[in-house]
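> Let me begin by handing over the structure; questions about it come next.
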Amino acid sequence: MSDQENALPTDPTWPELKLPELLYTDTVKEVHATIENEWDPLLSSACQTAAGRALWKHLIHDPLADLLAGESYLTSLYEKIKKDRVNNAREVSGVILAVRTLWFDSKLEAALNSFTSREAQVVILGAGMDARAYRLSCLKDSDVFEVDFLKVLQVKTTLLQAAMETTNEHQHLKLKSKSLTRVAADIRDIDWHEKLQISGFVPEKNTIWVLEGILYYLSQPQAMQVLKTIAEKCALTSTVLLADFMNKSSTTLSSSIFHFYSDWPDHLLPSLGFSHVKLSQIGDPDAHFGLMHDPQNLFNRLRSLPRSLQNHPDDGTPCCRLYLVQASGSPNQTILP
């Protein structure tokens, strides 16, 4: 590992944890108390992701992440990071959230730039505490739709309103996207796409679908329904899917939480109607971001093994992989064999 990777939290590249005063206001404290007491693992994963973005702020500029994560998730992840760095861990806690976020950001911008018309729709399914509409300037010509449970969207709106009412924070709430529409829908139900259209989504308009950290929480039929619905749009307009997939071994990390998997998403997606699919693994050239140097870290070790292996030949441990996948299609493209 490089000296920078091994730097302790007191190093300038990894500052000590300083929580914003806004987290200690009555409204924000009450909201996050509700999250901690009432949200299940699926819902609370949104705060965990925000915490990862907040604590890797030297790489990810997300000024709202602290607020959306909350004190509990921030301090918990920070203590794990501090312990990992003291112990010279091969993977520092939260690094995968950082890599995943940076991959989605970079692919989203590239996809927008690939469209002949810069105007596009961006649909974030299971949006959770995502703040891309407030932090990515590449969305300036895009209509963004955030789809999630009503209770999640209500909590998020309350937190953002609290920031808006605080003089020191409101400047962070300038919308970077052309528009932002929040859609209360459960993508496990068959009517989520109808609710999206009622909210202003235009099926014939160039669209990028962002499914970050969501598919594996769905059952096999539910996930396939979502993917098929998106794939059908390839026959109408230029369509890009950005998603992460767990392989079967990864679902064993928590069999009560993770359900859907695909060992070969680059084979699955063309069968649904996408004409071009590119799969990356953590540590690949486009999924590295200077964070995966150690050749013996979990993900670099797996990249050297055939994807068909479910257990590592050296120690028999499950080969838990996370695939980052970009798929696209349009009416003018044919499906590649």
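> How far is it, in nm, from the label point at LYS29 to the one at MET224 when both lie 7 Å from their Cα along the line to the Cβ?
5.0
> Additional query: What list of ³J(HN,Hα) values in whole Hz, one per residue of the range 117-123 in order, does the Karplus curve 6.51 cos²θ - 1.76 cosθ + 1.60 (θ = phi - 60°) give from phi, with Gly and Pro shown as x?
Using θ = phi - 60°, the values come out as 9, 6, 6, 7, 9, 10, 10 Hz.
> Distance in nm between label sites at LEU236 and SER308, each 7 Å beyond Cα in the beta-carbon direction?
3.9
> Might you report the magnitude of the Cβ-based charge dipole of the chain about its Cα centre, with Lys and Arg at +1 and Asp and Glu at -1, to the nearest 20 debye?
Using only the charged Cβ atoms, the result is roughly 600 debye.
> Next question, about the same structure. In percent, what relative contact order does the range 208-304 have, based on Cα pairs under 8 Å that are 6 or more apart in sequence?
Computed over the range 208-304, the figure is 26 percent.
> At a 1.4 Å probe radius, carbon and sulfur cover how many percent of the accessible area of the range 266-337?
Answer for the range 266-337: carbon and sulfur cover 55 percent of the accessible area.
> Around GLU36, what is the net charge, scoring Lys/Arg as +1 and Asp/Glu as -1 over all other residues with Cβ under 15 Å from its Cβ?
That sum, taken over residues with Cβ under 15 Å, equals -2.
> Which GluC sites (Glu not before Pro) from the range 137-217 combine a DSSP loop assignment with at most 14 other Cβ atoms within 10 Å?
Those satisfying the criteria are GLU165, GLU204.
> Report the local net charge at ASP141: Lys and Arg +1, Asp and Glu -1, summed over other residues whose C-beta lies under 10 Å from its C-beta.
Cβ neighbours under 10 Å give a net charge of +1.
> Let me ask another. Give the relative contact order (percent, whole number) for the chain; include only Cα pairs under 8 Å separated by 6+ residues.
RCO, the chain: 16 percent.
> Evaluate the distance, in nm, between pseudo-label points positioned 7 Å from the Cα of ILE198 and of SER137 along their respective Cα→Cβ axes.
Calculated label separation equals 3.8 nm.
> Would you list ASP244, ASP314, ASP141 from the most to the least accessible area, probe 1.4 Å?
Largest accessible area first, the list is ASP314, ASP141, ASP244.
> Taking the alpha-carbon centroid of each part, what is the distance from the range 96-148 to the range 276-322 in angstrom?
Taking the Cα centre of the range 276-322 as reference, the centre of the range 96-148 is 25 Å away.
> So which residue, out of ALA51, ALA163, ALA33, gets the largest mean-square fluctuation from a GNM of the chain using Cα contacts under 10 Å as springs?
Judging by the Gaussian network model, the answer is ALA33.
> Loop only by DSSP, 10 or fewer other Cβ within 10 Å of the Cβ. Give me the trypsin sites (Lys or Arg not before Pro) in the range 103-209 that pass, ordered by residue number.
LYS174
> With Cα Rg over 2.2 N^0.38 Å in mind, check [x] 1.06; [y] 0.94; [z] 0.98 and report the label derived from this structure.
After the calculation, the listed value that fits is [z].
> Would you mind telling me the share, in percent, of accessible area of the range 114-238 contributed by carbon and sulfur at probe 1.4 angstrom?
50
> Let me ask something additional. I'd like to know which of LEU269, LEU55, GLN197 lies farthest towards the positive end of the charge dipole of the chain, counting +1 on Cβ of Lys and Arg and -1 on Cβ of Asp and Glu.
Final value for the positive-end residue is LEU269.
> Return the subset of LYS205/LYS228; LYS228/LYS278; LYS82/LYS156; LYS82/LYS278; LYS107/LYS140; LYS29/LYS195 for which the Cα-Cα distance in this structure is over 23 Å, preserving the input order.
LYS82/LYS156; LYS82/LYS278; LYS29/LYS195
> Can you list the aspartates and glutamates whose alpha carbon sits under 16 Å from that of LYS178, skipping same-chain ones fewer than 8 residues off?
GLU109, GLU119, ASP141, ASP143, GLU146
The values are calculated or read from the model by the stated rules, or taken from the named source; none is laboratory data. Everything quoted here is computed from the prediction, not taken from an experiment. With ideal geometry, Cβ positions are generated from the backbone for all residues, glycine too; neighbour counts draw on all protein chains shown. All accessible areas refer to the heavy atoms of the entire protein, side chains included, with ligands and DNA or RNA removed. Shrake-Rupley method; radii C 1.70, N 1.55, O 1.52, S 1.80 Å.
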